[in-house]
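The values are calculated or read from the model by the stated rules, or taken from the named source; none is laboratory data. Keep in mind that what you see is a predicted model, and the values were worked out from it rather than measured. Because the Cβ atoms are built from the backbone with ideal geometry, glycine has one as well, and the counts that use them run over all protein chains shown.
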Amino acid sequence: MAEYSQAQEAALRRMAEHAAELPVRRPVPGEAALTAQWQDDHGDLDSWSEEIVLGYAAAVAQLRADAVREDRLRSVEPDGCGLCGIPRREHARRWVSPAGWHAWVQPSNDQILARMKARRAARATNSRKGGAR
Ligand SMILES: [Zn+2]
């Protein structure tokens with residue numbers, strides 16, 4: 001049986017706590033509405049066929065993927081690297097998948113615009129909620 005030192009146990013505990021906080025574990029905005037919609041369309045969860053369950057899972061996965069992408073976009077400064085989003089002053093050379101090793105790349109006008117819009121939308125959402133989040 002494995003014996004852990006105090007430091008190892010503390011590290012394991014931290015990892016477990018951290019895992020519980022991963023964004024993917026939290027319901028994303030719109031998930032409750034999506035579930036309600038599917039229950040309206042297909043009846044109680046218990047009565048769903050495998051096909052319906054798979055369709056629902058795919059819809060939730062898409063919702064989560066969109067939320068994560070939005071979240072990432074929001075945290076990127078408009079002039080962040082065109083490949084990885086890291087600001088120029090702290091970029092140097094980086095490895096990111098799938099771009100590989102690269103120096104800071106001028107973001108396209110579309111990227112800058114999308115990032116500015118995402119940040120503005122995030123600010124508007126936060127002030128509507130009174131900053132509570
Ligand atoms: Zn980069």
- [ ] Select from the stretch 69-112 the residues that are over 26 Å from Pro29 (Cβ atoms) and of a type in the set (S, T, N, Q) and write down the one among them that is nearest to the chain's Cα centre (by Cα).
- [x] Ser97
- [ ] Test Ala20 against the stated conditions and say whether it is hydrophobic (A, V, I, L, M, F, W, C) and modelled with pLDDT under 80.
- [x] yes
Task: Filtered residues of the stretch 73-82 (kept if within 9 Å of the ligand (Cβ to nearest atom) and either β-branched (Val, Ile, Thr) or touching a Gly at 6+ places or on another chain (Cβ under 9 Å) (or both)) - done: none
Open item on the list: Condition check: among the basic types (Lys, Arg), within 13 Å of the chain's Cα centre (by Cα) and modelled with pLDDT of 80 or more. Does Arg64 satisfy that?
Closed with: yes
Open item on the list: Of everything in the stretch 64-96, what is touching a Cys at 6+ places or on another chain (Cβ under 8 Å) and under 22 Å from Ala121 (Cβ atoms)? Give them in sequence order.
Closed with: Pro87
Task: Given (1) part of a helix (DSSP H, G or I); (2) within 16 Å of the ligand (Cβ to nearest atom); (3) of a type in the set (D, E, K, R), index of the condition Glu70 fails - done: (2)
TODO: Please go through the stretch 84-131 and pick out each residue that is outside any helix (DSSP H, G or I) and away from the ligand (no atom under 14 Å from the Cβ).
DONE: Lys129, Gly130, Gly131
- [ ] All but one of (1) loosely packed, with under 15 Cβ neighbours inside 10 Å; (2) among the basic types (Lys, Arg); (3) under 30 Å from Gly30 (Cβ atoms) hold for Arg64, so report the exception by its number.
- [x] (1)
